[in-house]
Structures are given as C-alpha cells and as structure tokens.
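Scroll down for the structure; my scribbles are underneath it.
FYI, it's all coordinate maths here, none of it is from the lab. The structure presented is a predicted model; accordingly, all values stated were derived computationally and were not measured. Methodologically, a virtual Cβ is constructed for each residue, glycine included, from the backbone with ideal geometry; neighbour enumeration extends over all protein chains shown.
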Amino acid sequence: MSNEPSSLIEGHIEKMGIAFPIAKLKGETTDRIYGVKSFPSAVLVDAAGRVIWKDHPARLTSTTIEEALEQASFVAPTGNEDYEALDELLAAREFGKARAAIAKGLAKAGDDEVLKGASAAIDGLLERMRARAQAALDAGDYGTALATHLEIETLFQGDATAKEAKAAAKAIEKDPAAKEELKAWEKLVKADEKQIEGDFEKAGKLYASLAKKYPDTKAAVRAQAFLSRHPL
Amino acid sequence: MKLLASALALGVLAAPARDPVVQVGDFAPGFEGDWYLSKASSLEDVRGRVVLIDFWRTW
C-alpha cells in the first residue's frame, strides 16, 4: 500500500518486477487508521477479516502464516493453464460448481491427478469448516456455529453439501438454547460492520450496548475485548 | 467582556472518544484506492483468504 504518485508506483512495479496486487491510496488516512508510523509496516488479516498480526514485515514467521492458513476458507487454484475454467471457480470460491466440474472431468479421465488433487483440497476445506462449526456448537458459541454453516451453504451452492449446511443452520436457529446468543450475535455483526467501515465510535457504542444487554454470551466476550482494546 | 465570553465558550471539554487505531483482534477497516495487478479491489473481495498488507514507499 502506498500513497505516492501513480507514475512513481508504476515505475517501481516495473523496476522491481512486482507481481502481487498493489493498492495506491490517497493521503495518510489509511496509514493513520492502521497505526502505521514507519515503513515498511505489515499487517496480517485472517480469513474472517480480522487483524491477527502487526509488525515490521521481516518479523513475520511462516508459523504465523501457516496457522492463519489453517482457518482460511480458500482453495488455491491449480495454476495449470489446462484447468483455467476450474481455477476461475476456485478463485471465486464457488466450490459447489468446482466439484461438479471436477466430477465431469474425472468421468472422462479417472486418473487425472490435478483434478484429484483439487477434489481432495476442497474436501479438506469442508472438513475443516465442519469441524469448526461443531467445535463452536460444543462450546455454546451458537453465533459462530451458525455463521460457519451459512458460509458453507454459500460456498457450496449447487452441491448437496449446501442443503446439509442449510439444515444445520436452521436447526441452530430453532434451538431454544441458542436464542439469547443469537440475539447478541446479530448485534455483534452490526458492530463489526461499523468497525470495518472505520467508525470505531459507533462500533464502540454498539459493542457496549450488547455487552450490557447480553452479558452472559460469547458475543459479549468479543464485545468486551474490543472495548478493552479501545477504551474511552 | 465579550472577548472573555468567547474565550470561555471555546474551552468546552471534548466528549471522551475511542482511539480509532486498528489493534490486533480488530476487523481490518476497508480502504479506497487504485488497484494494480489485481482482480480484487477491496478487502471484501478477498474475504476467506489470508491477506498480508504491506505499507511501503518507493524510497
């Protein structure tokens, strides 16, 4: 991320042979919001959109990245130009459609290692997401469990998995034990949205109100965590 | 007297505010800009992935 003139950035991209995305920003607002005081500075964001690490980029360890990748709901494209259509589906996280495309491909060529690899990667992702949902449910974190099933439903549209996830989500919504937690969760999501917009004042008000109204919930714990990171 | 009244009016206590600097544990705020070498054009577009944001200058 840089806020320098385009010509300078474009020249730099060419000179250094940069191949990763670059965002050119205006002014210093984003630097300020992210607390950037010196360059280079780096921030690691997890699959849910949360900042999990902040430091000089040279201090980033592979362990930190690997742990974060465990939680990612992403399957790396094959990178093989013969599988461009599949890679587009993977990049768009349309795993239901990807599975259908893979099944078609394997019906024609049952020993296709690339397709088998992609299929295994998608299965692995689904297993990790289901395990997360179950762990959340076991811990009484109904909000996280519900959100995870809904995410599975979205990502696996067109596949039987989506229907199963929808049913699991409905079961949680109907569970009387989940009622309080889900009400708190709804407020939490709104507060999170304000935070993503950069409106920490409004977010703070919403977190404070939910912590007060639903003090015994997992959502309240997350709200309190924000409030202690950003006291008045 | 008028000047003193104006001076007093300016000395109003600001309401307590929260430091809006992003900490570890916060959601990463979105940002606007021109994107190079990228299909994505916002953090929302890359949700589900792990993202490393590197702040730099050409110097």
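Annotation: extensible slack from A:Glu84 through A:Ile65 equals 4.2 nm (criterion: 0.36 nm per residue apart, minus Cα-Cα distance). Extending 7 Å from the Cα toward the beta-carbon at both B:Lys39 and B:Asp19 defines two label points whose distance is 4.0 nm. Length available on full extension from A:Lys205 to A:Ala92: 0.36 nm per residue minus the Cα-Cα distance, which gives 37.2 nm. Cross-link reach is defined here as a Cα-Cα straight distance under 23 Å, omitting same-chain residues fewer than 8 places apart; for A:Lys194 the lysines meeting it are A:Lys26, A:Lys54, A:Lys183, A:Lys202, A:Lys205, A:Lys212, A:Lys213, A:Lys218. Here the sum of -39500 (n - 2.57) over DSSP H runs of 4 or more residues, divided by the residues of chain A, equals -20000 deg cm²/dmol at 222 nm, to the nearest 500.
Among the lysines of the stretch A:81-174, pairs at least eight places apart or on separate chains and with Cα atoms under 24 Å apart come to 11. Here A:Ala76 and A:Glu113 are evaluated by their C-beta separation; at R0 = 22 Å the FRET efficiency comes out at 0.90.
Straight Cα distances below 18 angstrom link B:Lys39 to the lysines A:Lys24, with same-chain residues fewer than 8 positions distant left out.
Evaluated on the stretch A:6-70, the Kirkwood hydrodynamic radius is 13.9 Å, with distances taken between all distinct Cα atoms. How would A:Asp216, A:Asp123, A:Asp87, A:Asp111 line up from fewest to most surrounding beta-carbon atoms within 10 angstrom? Listing A:Asp216, A:Asp123, A:Asp87, A:Asp111 from fewest to most nearby Cβ atoms yields A:Asp111, A:Asp216, A:Asp123, A:Asp87.
Ordering A:Val43, B:Val21 from the fewest to the most neighbouring beta carbons within 10 Å gives B:Val21, A:Val43. By the count of other C-beta atoms within 10 Å, a proxy for reagent exposure, A:His56, A:His12, A:His149, A:His230 are ordered fewest to most as A:His56, A:His12, A:His230, A:His149. Take every pair of alpha-carbon atoms less than 8 Å apart whose residues are at least six positions apart; their mean separation over the length of chain A yields a relative contact order of 10 percent.
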